[in-house]
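Notes to accompany the following structure.
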Amino acid sequence: MYRRHFFLLVVLSLCFFIFLSWLIPSSSWLLAVWVMLTGLGIYDLRCRHNVLNNYPVIGHLRYLLEFIRPELRQYFFESESSGRPFNREQREIINKRADGVSDAMPFGTVNDIEHAGYDLSYHSLSPKQVDDSYRCVTIGGPQCGQPYHSSRFNISSMSFGAISGKAIQALNLGAKQGGFAQVTGEGGISPYHQQHGGDLVWQIGTGYFGCRTQNGGFSAAKFEHSAKSDQVKMIELKLSQGAKPAHGGLLPASKITEEIAKTRDVPMGEDCLSPPAHKTFSTPEGLLQFIQQLREMSGGKPVGFKLCIGYQHEFLGICKAMLETNILPDFITIDGAEGGTGAAPTEFSDRLGLFINEALYFVHNALVGVGLRDQIKLIVSGKVALGYDMVVKKALGADLFHAARPYMFAIGCIQSRRCHTNNCPTGIATQDERRSRAINVHGKARRVQRYHDATLTSFLELTAAMGLTSPDELTPEHIEHRVDDAPAVTYSELYGPALTEGCLVTQQTVPVRWQKLWDKASATQF
């Protein structure tokens, strides 16, 4: 019976307050409270919920605490470095840079620098100066007619629908002011992307939103019309993303507004489906032929594709197709399995896909092995937030860096992790106009620009402190990685030796593992 002692106390209190309200009528509001608590207890006794049935009334406290548990952990119990997916130290640095104040820290590092997984680099007693020209890079291979002079650090894909129109405006205005680009996400080019005129990378996913036929196929006419916009600088074909690789998406009809329907080119009142795979091609050769088609229809703008690496022989199949068709993408965006999204099946997010550093090193070496690395730019997307993240990714082969969640922090995200509920407390990951009104577009855009500029400055300063005059001099030898119960090792030791130029084509000095993957790869099937 002790399980229901609290409810018994509520009933006894009700009797007391009945008597009290008879003596003192002004206290009758207390009686109303205890009537409601008693009614709640009676409901709990009759319900089928185990905890509430056993612990009427008081059992609700358990669910109240569970509801606010994320906030309690984030605000009171997390250490500076224990939070996930971005820890407090990272978020604080991003916010300080966005505010334009110093990100200096007192009293020494709070990181455990002897912990397995910790990365570090060596400084030089002869630090150099890295020229500001290295803040940008030109994208566009020999088959591209309109190369794009891009910042090294751009806003990664976030669709209208996943984030609010005000959030997109703030990001795009910040990109405009800072001279960098925003990837649209697969949801299409919305009016909010166009309002301030910031450079766009138009991402096209399996749903072909913004360039689709009535049955969900690809519409060449609609694509050509939008792709030739001066604001669209590049085209990115999304094959997969790190947060939910090989998984489609469904936007229920109940969540489709008139603006979303117009942007995505889908009808109102029907579910909006993004299938797991493209309809326009099903082989590596087909992929490259479609890329060439997009490049021609866009007037020669840079076209590439984005993917999360899964079976490695399938990517090598794309490399074989490049050699056989002589069609090259202008860039490849590598997304890591640790990438984020508004909503993803937990096990897809946790268990599928290759970690970004391994994936990047593999793709870089694959392109070296087929002799095409100097003709294709590599963009990396996967928890790039700070300058040293860029140093590591550049050392492993990246040319450019894209980020989504760090730019969300710059416009006010607090990592509440309620993106999928439409109840984002900051008005970013929601279509609730009452919530998104909280975003001051011009103020947040300035924060986006400052964060971008300060982080690129950090990247160049770290490179200079290592005794280098150019980021292009960074190699895996420059990054030390702590492992369990052993001295730190370089990334080249961790991931193995780099391939030699063209070795997969000439079939000379190919490591056994690479040879097996190459033999399994096919240009005619994934």
Report task. Quick one: in region 240-273, of everything that is touching a strand residue (DSSP E or B) at 6+ places or on another chain (Cβ under 9 Å), small (Gly, Ala, Ser) and assigned to a helix (DSSP H, G or I), which residue is surrounded by the fewest Cβ atoms within 10 Å (Cβ to Cβ)? Result -> 253
Requested in this report: Quickly run through region 372-387 and pick out the residues that are in a helix (DSSP H, G or I) and open to solvent by 10 Å² or more (accessible area, probe 1.4 Å).
Outcome: 373, 374, 375
Query raised in the report: Inside region 415-457, can you point out the residues that are within 18 Å of residue 160 (Cβ to Cβ), touching a helix residue (DSSP H, G or I) at 6+ places or on another chain (Cβ under 9 Å) and among the basic types (Lys, Arg)?
Result: 437, 444
Query raised in the report: Which pairs do you get when a residue that is on the phi > 0 side of the Ramachandran plot, found in region 146-169, comes within reach of a residue that is at pLDDT below 95 and open to solvent by less than 20 Å² (accessible area, probe 1.4 Å), reach meaning Cβ atoms under 8 angstrom, with the pair 6+ apart or on two chains?
Result: 161/187; 161/260; 161/263
Query raised in the report: Regarding residue 240, is this residue under 21 Å from the mean Cα position of the chain (by Cα) and in contact (Cβ under 8 Å) with a residue 12 or more places away in the chain?
Result: yes
**Report entry** Complete set of residues in region 117-141 that are open to solvent by 70 Å² or more (accessible area, probe 1.4 Å), under 24 Å from residue 154 (Cα atoms) and either assigned to a loop (DSSP other than H, G, I, E, B) or in contact with a Gly (Cβ under 9 Å, 6 or more places away or on another chain) (or both)
**Finding:** 129, 131
Query - Hits in region 1-40 - residues which are closer than 19 Å to residue 52 by Cα, open to solvent by less than 50 Å² (accessible area, probe 1.4 Å) and not β-branched (Val, Ile, Thr) - result: 7, 39
Query - Complete set of residues in region 431-471 that are in a loop (DSSP other than H, G, I, E, B) and modelled with pLDDT of 90 or more - result: 437, 438, 439, 440, 466, 467, 468, 469, 470
Query raised in the report: Which one of 416, 349 is at pLDDT below 95, part of a helix (DSSP H, G or I), open to solvent by less than 50 Å² (accessible area, probe 1.4 Å) and of a type outside the set (A, V, I, L, M, F, W, C)?
Result: 349
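Taking the condition at positive phi and at pLDDT 90 or above, does residue 140 pass? Please lay out each step first, then the result.
Details: at positive phi: yes; at pLDDT 90 or above: yes.
Against the criterion (at positive phi and at pLDDT 90 or above), residue 140 qualifies.
Mind listing whichever residues of region 402-413 are on the phi < 0 side of the Ramachandran plot and either part of a loop (DSSP other than H, G, I, E, B) or crowded, with 24+ Cβ neighbours inside 10 Å (or both)?
Across region 402-413, the qualifying residues are 402, 403, 404, 406, 407, 408, 409, 410, 411, 413.
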**Report entry** The listed residue being without any contact (Cβ under 8 Å) to a residue 24 or more places away in the chain and closer than 30 Å to residue 341 by Cα, out of 418, 446, 450
**Finding:** 418
Query raised in the report: Restricting the first residue to region 397-413 and requiring it to be under 22 Å from residue 377 (Cα atoms), which pairs with a second residue that is open to solvent by 10 Å² or more (accessible area, probe 1.4 Å) and part of a helix (DSSP H, G or I) meet a Cβ separation below 7 Å and a spacing of at least six or different chains?
Result: 397/361; 397/364; 401/393
Query raised in the report: With (1) aliphatic (A, V, I, L, M); (2) under 27 Å from residue 498 (Cβ atoms); (3) open to solvent by less than 10 Å² (accessible area, probe 1.4 Å); (4) not in a helix (DSSP H, G or I) as the list, and residue 390 as the residue in question, which single condition is left unmet?
Result: (4)
Query raised in the report: Taking region 323-354 as the region of interest, how many residues are under 22 Å from residue 518 (Cβ atoms) and not polar (S, T, N, Q)?
Result: 9
Requested in this report: Would you check if residue 362 is assigned to a helix (DSSP H, G or I) and open to solvent by less than 20 Å² (accessible area, probe 1.4 Å)?
Outcome: yes
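Yes/no per residue for (1) in a helix (DSSP H, G or I); (2) under 12 Å from residue 10 (Cβ atoms); (3) touching a Cys at 6+ places or on another chain (Cβ under 6 Å):
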{"residue": "35", "(1), (2), (3)": "yes, yes, no"}
{"residue": "44", "(1), (2), (3)": "yes, yes, no"}
{"residue": "48", "(1), (2), (3)": "no, no, no"}
{"residue": "51", "(1), (2), (3)": "yes, no, no"}
{"residue": "57", "(1), (2), (3)": "no, yes, no"}
{"residue": "61", "(1), (2), (3)": "yes, no, no"}
{"residue": "66", "(1), (2), (3)": "yes, no, no"}
{"residue": "74", "(1), (2), (3)": "yes, no, no"}
{"residue": "81", "(1), (2), (3)": "no, no, no"}
Query raised in the report: Just checking, which of 317, 310, 286, 299 is part of a helix (DSSP H, G or I), of a type in the set (Gly, Ala, Ser) and open to solvent by 10 Å² or more (accessible area, probe 1.4 Å)?
Result: 286
Report task. Return the pairs, sorted by first residue and then second, in which the second residue is open to solvent by less than 50 Å² (accessible area, probe 1.4 Å) and not in a loop (DSSP other than H, G, I, E, B), the first residue lies in region 276-299 and is among the acidic types (Asp, Glu), the beta carbons are less than 7 Å apart, and the residues are 6+ apart or on different chains. Result -> 285/321; 285/325
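Out of the residues in region 8-28 that are of a type in the set (Phe, Trp, Tyr) and modelled with pLDDT under 80, which is farthest from residue 63 (Cα to Cα)?
Step by step, filter region 8-28, then rank; the result is 19.
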Query raised in the report: Taking region 54-111 only, how many residues are more than 27 Å from the chain's Cα centre (by Cα), at positive phi and open to solvent by 50 Å² or more (accessible area, probe 1.4 Å)?
Result: 1
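The values are calculated or read from the model by the stated rules, or taken from the named source; none is laboratory data. Bear in mind the structure is a predicted one, so any value in this text is a computation, not a measurement. Reconstructed Cβ throughout: ideal geometry from the backbone, glycine too, with neighbour counts over all protein chains shown. Remember, those area values only see protein heavy atoms, side chains included, never the ligands or the DNA or RNA. Shrake-Rupley method; radii C 1.70, N 1.55, O 1.52, S 1.80 Å.
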